[in-house]
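**Q** Got a structure for you, questions after.
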Amino acid sequence: MHGCANDYIYINCLEKMDFDPCKLAKVMSPRHFSVGADGVVCICPSCVADAKMRMFNLDGTEGKMCGNAIRCVGKYLYDNGICSKDRITIETLSGLKTLALNVENGRVVSVSVQMGKANFEPKEIPITSDEPVILKSIDVSGKAWKITAVSMGNPHSVIVTKNIGNPAAEDIDIDTLDLEKIGPEFENYSLFPERVNTEFIEIIDRRHIKMRVWERGSGETYACGTGACASVAACVKNGFLDANEPVAVDLIGGTLYIKCDDNYEIEMTGPATKVYEGVFEYEN
């Protein structure tokens with residue numbers, strides 16, 4: 001399944017998980033050599049929600065939250081008759097998330113997720129700074145980049161490379177960025193002890209932005225739901241976008257709609273798509 005081309009392999013583990021998900025993710029995720037995906041998502045039982053989501057990056061590391069993946073989990077539960085209601089809760093390592101399912105002809109086509117609150121506090125991200133990092137200049141690959149650090153249950157570094165409404169801002173076309181080169185440098189920058197996801201943003205207008213993302217543990221992905229949320233929150237924080245207004249976030253894989261309120265509570269809406277299902281032969 002995928003959400004805006006951020007694709008994961010979804011495994012029903014509601015009855016059992018008789019494998020090591022970290023090892024399995026490393027075996028199943030490589031493109032050309034195996035199933036191919038950005039990682040593996042295990043749909044597990046929960047004592048506090050309708051289900052629990054555990055997601056594993058292609059390098060085997062476990063992530064706390066993925067906005068695109070959680071929409072697909074909601075679709076899986078509804079389309080397979082596991083949950084028959086159109087409003088469900090999912091347990092994640094970054095807390096409980098509430099999903100509103102948009103159903104057409106008995107199938108979920110899109111999902112709105114209450115993603116929680118964007119957090120700029122250093123210890124919550126975490127970062128090694130004692131003060132919030134808001135438009136702080138850091139040096140990567142011999143260039144100064146202004147970053148804003150924010151947590152959406154996982155750490156993000158947001159960089160505005162172009163702001164059409166502000167001629168004094170940077171003027172870097174994100175399509176020309178060599179993320180394969182600079183992405184790992186941002187991911188492992190010393191400010192972020194647990195590594196970081198990095199979003200590169202072009203602001204088209206106050207209701208529309210464009211984004212590319214380098215995800216820790218996965219590299220460049222076609223979309224990142226938490227990254228889109230972090231980007232809008234960071235832009236609201238810096239006065240580049242307006243609170244309480246839905247913002248279209250264009251990613252390589254499609255468009256997400258993000259709304260950030262005055263308290264930095266985030267709602268995300270986007271598609272969830274099933275591609276195929278099958279059997280994977282694996283010796284644990």
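**Q** Mind scanning K181/K259; K16/K52; K52/K85; K23/K97 and naming the pairs with a C-alpha gap bigger than 21 Å?
**A** Result: K181/K259; K23/K97 exceed 21 Å.
**Q** Taking the Cα centre of region 115-232 as origin and charging only Cβ (+1 Lys, Arg; -1 Asp, Glu), how large is the dipole, in debye to the nearest 20?
**A** Charge dipole, region 115-232, about its Cα centre: 300 debye, nearest 20.
**Q** Quick one: pull the percent of accessible area on the chain belonging to carbon and sulfur, 1.4 Å probe, ligands and nucleic acids left out.
**A** The computed percentage sits at 47.
**Q** Compute, for the chain, the length of the dipole vector about the Cα centre, with Cβ point charges of +1 (Lys, Arg) and -1 (Asp, Glu) only. Units Debye, rounded to 20.
**A** Working: 29 positive and 41 negative charges, 80 e Å.
Roughly 380 debye, rounded to the nearest 20.
**Q** Would you list which aspartates and glutamates come within 18 Å of K123, measuring only between C-alpha atoms, while excluding same-chain residues fewer than 8 positions from it?
**A** Filter leaves E131, E187, E194.
**Q** FRET efficiency for N284 and R206, Cβ-Cβ distance as r, R0 = 51 Å, nearest 0.05?
**A** According to the calculation, E is roughly 0.50.
**Q** Now for a different question. Of all DSSP beta bridges located in region 125-218, what percent are antiparallel, nearest 5?
**A** Bridges in region 125-218 are about 70 percent antiparallel.
**Q** Mind checking which of V73, V109, V249 has the largest fluctuation in a GNM of the chain, springs on alpha carbons under 10 Å?
**A** V109
**Q** Pull up the DSSP beta bridges for region 112-271 and report the antiparallel fraction as a percent, rounded to 5. Don't skip to the answer; put the middle values down first.
**A** Details: 35 of 45 bridges.
Percent antiparallel among DSSP bridges in region 112-271 is about 80.
**Q** Okay, moving on. Express in % the proportion of alpha carbon pairs of region 141-284 at distances exceeding 27 Å.
**A** 22 percent
**Q** What aspartates and glutamates does K274 reach when the alpha-carbon gap must be under 19 Å and sequence neighbours fewer than 8 apart in one chain are set aside?
**A** D7, D38, D79, D86, E104
**Q** If you don't mind, there's one more thing I want to ask. In nm, what is the difference between 0.36 nm times the number of residues separating N263 and N238 and their Cα-Cα distance?
**A** 7.6 nm
**Q** Which entries of K162/K237; K64/K117; K64/K143 show an alpha-carbon separation above 22 angstrom in the structure shown?
**A** Listed pairs above 22 Å: K64/K143.
**Q** Give or take rounding to whole Å, what are the principal axis extents of the alpha carbon atoms in region 187-268, in descending order?
**A** Principal extents (Cα only, largest first): 33, 26, 19 Å.
**Q** What's the local net charge at D130, with K and R +1, D and E -1, over the other residues with C-beta under 15 Å away?
**A** Net local charge, D130 excluded: -1.
The values are calculated or read from the model by the stated rules, or taken from the named source; none is laboratory data. In this text the structure is predicted, and so the values were computed from the model without any measurement. Cβ sites come from the backbone with ideal geometry, for glycine too, and all protein chains shown count toward neighbours. Protein only, heavy atoms only, side chains kept; ligands, DNA and RNA dropped before computing areas. Shrake-Rupley method; radii C 1.70, N 1.55, O 1.52, S 1.80 Å.
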